[in-house]
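Engineer: Before I ask anything, let me first share the structure, which is written out below as structure tokens.
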Amino acid sequence: MPIVRTVFVLIAPNLPLRLKSLALSLLVGFLLCSYSLFTRAEEPTEYRLKTAFLYNFATYTQWPSDNRSTFNLCIYGDNPFGNHLDHLLEKKVDTRAISIHQKTRLEELEECHLVFISQSAVVTLDSILQALQGKPILTVTDQPGIGKRGVMLNMEIKDGKIAFDANLGIARKAGLNLSSQLLRFAHKVYQE
């Protein structure tokens with residue numbers, strides 16, 4: 001506080017004492033507000049963290065070879081990630097650049113490597129899983145308790161942190177290999 005007062009006196013030497021006190025109070029208040037806004041801006045949001053999880057899921061999964069030049073990450077239903085997914089456009093999975101797609105029709109999901117099934121689409125989960133059954137498409141959600149229903153990876157908030165369950169049996173039936181490095185961080189691993 002003495003440094004702020006000294007700097008303020010040097011900048012505004014001709015103000016009356018009463019105005020200096022008021023202006024100093026406003027300056028300190030502004031600095032405190034700026035600091036708290038700055039620190040809040042640095043805290044990652046839930047879906048910013050989940051974006052990082054999606055990237056790690058993609059990089060620690062092995063797909064059968066195909067001839068597509070991009071890695072197609074798809075959102076089925078409403079997009080809860082907002083612009084956080086844009087950060088993935090600069091990254092690659094193996095040698096493929098990531099391409100983000102919003103899908104609204106079930107038939108379009110066959111073009112994807114990874115499908116995030118949002119809360120708005122979970123009501124049709126059985127139809128989605130039946131349409132993708134046996135196809136090398138990694139299915140991911142973030143709805144409590146869905147890991148046992150056939151989704152390969154399911155993120156949940158547990159004890160204030162993001163955790164995930166893995167359904168290894170379903171992934172293997174689809175021809176996907178989930179890395180042991182990924183599975184060791186899973187909260188639960190289902191064999192089917």
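Engineer: For region 116-136, indicate whether the set of residues that are in contact (Cβ under 8 Å) with a residue 24 or more places away in the chain, part of a strand (DSSP E or B), open to solvent by less than 10 Å² (accessible area, probe 1.4 Å) and touching a Leu at 6+ places or on another chain (Cβ under 6 Å) is non-empty.
Structural biologist: No, region 116-136 has no match at all.
To keep it simple, each residue is scored yes or no on (1) open to solvent by 30 Å² or more (accessible area, probe 1.4 Å); (2) part of a helix (DSSP H, G or I); (3) in contact (Cβ under 8 Å) with a residue 24 or more places away in the chain; (4) more than 18 Å from residue 64 (Cα to Cα).
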{"residue": "148", "(1), (2), (3), (4)": "yes, yes, yes, yes"}
{"residue": "154", "(1), (2), (3), (4)": "no, no, no, yes"}
{"residue": "157", "(1), (2), (3), (4)": "yes, no, yes, yes"}
{"residue": "163", "(1), (2), (3), (4)": "no, no, yes, yes"}
{"residue": "166", "(1), (2), (3), (4)": "no, no, yes, yes"}
{"residue": "171", "(1), (2), (3), (4)": "no, yes, yes, no"}
{"residue": "185", "(1), (2), (3), (4)": "yes, no, no, yes"}
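Engineer: Within region 94-108, restricting attention to residues that are in a strand (DSSP E or B) and among the basic types (Lys, Arg), which residue is farthest from residue 132 (Cα to Cα)?
Structural biologist: Among residues in region 94-108 that are in a strand (DSSP E or B) and among the basic types (Lys, Arg), the one farthest from residue 132 (Cα to Cα) is 96.
Engineer: Please go through region 81-101 and pick out each residue that is surrounded by 12 or more Cβ atoms within 10 Å (Cβ to Cβ) and touching a strand residue (DSSP E or B) at 6+ places or on another chain (Cβ under 9 Å).
Structural biologist: 81, 85, 88, 91, 92, 93, 96, 97, 98, 99, 100, 101
Engineer: Right, here's the next one. Just checking, how many residues over region 124-167 are in contact with a strand residue (DSSP E or B) (Cβ under 8 Å, 6 or more places away or on another chain) and either closer than 19 Å to residue 103 by Cβ or not small (Gly, Ala, Ser) (or both)?
Structural biologist: 26
Engineer: Right, another one. List every residue pair whose Cβ atoms sit under 6 Å apart, with the two residues 6 or more apart in sequence or on different chains, where the first one lies in region 71-90 and is on the phi > 0 side of the Ramachandran plot and the second, anywhere, is crowded, with 16+ Cβ neighbours inside 10 Å.
Structural biologist: Partner pairs satisfying both residue conditions: 77/118; 77/121.
Engineer: Considering only region 70-79, I want to know if a residue exists there that is modelled with pLDDT under 95 and open to solvent by 40 Å² or more (accessible area, probe 1.4 Å).
Structural biologist: Checked against the condition, which is being modelled with pLDDT under 95 and open to solvent by 40 Å² or more (accessible area, probe 1.4 Å), region 70-79 yields no hits at all.
Engineer: Determine if region 75-83 includes at least one residue that is outside any strand (DSSP E or B), more than 16 Å from the chain's Cα centre (by Cα) and not acidic (Asp, Glu).
Structural biologist: No, there is no match, as no residue in region 75-83 is outside any strand (DSSP E or B), more than 16 Å from the chain's Cα centre (by Cα) and not acidic (Asp, Glu).
Engineer: Give the residue that is most open to solvent (accessible area, probe 1.4 Å), with candidates limited to residues of region 173-183 that are in contact (Cβ under 8 Å) with a residue 24 or more places away in the chain and farther than 11 Å from residue 153 by Cβ.
Structural biologist: Looking at residues that are in contact (Cβ under 8 Å) with a residue 24 or more places away in the chain and farther than 11 Å from residue 153 by Cβ, I get 173.
Engineer: Right, something else. With respect to residue 189, determine if the residue is within 14 Å of residue 53 (Cα to Cα) and either of a type in the set (A, V, I, L, M, F, W, C) or in contact (Cβ under 8 Å) with a residue 24 or more places away in the chain (or both).
Structural biologist: no
The values are calculated or read from the model by the stated rules, or taken from the named source; none is laboratory data. Since this is a predicted model, take the numbers as computed values, not measurements. Note that we place each Cβ from the backbone using ideal geometry, even for glycine, and neighbour counts take in every protein chain shown. Calculation scope for accessible area: heavy atoms of the full protein, side chains included, ligands and nucleic acids excluded. Shrake-Rupley method; radii C 1.70, N 1.55, O 1.52, S 1.80 Å.
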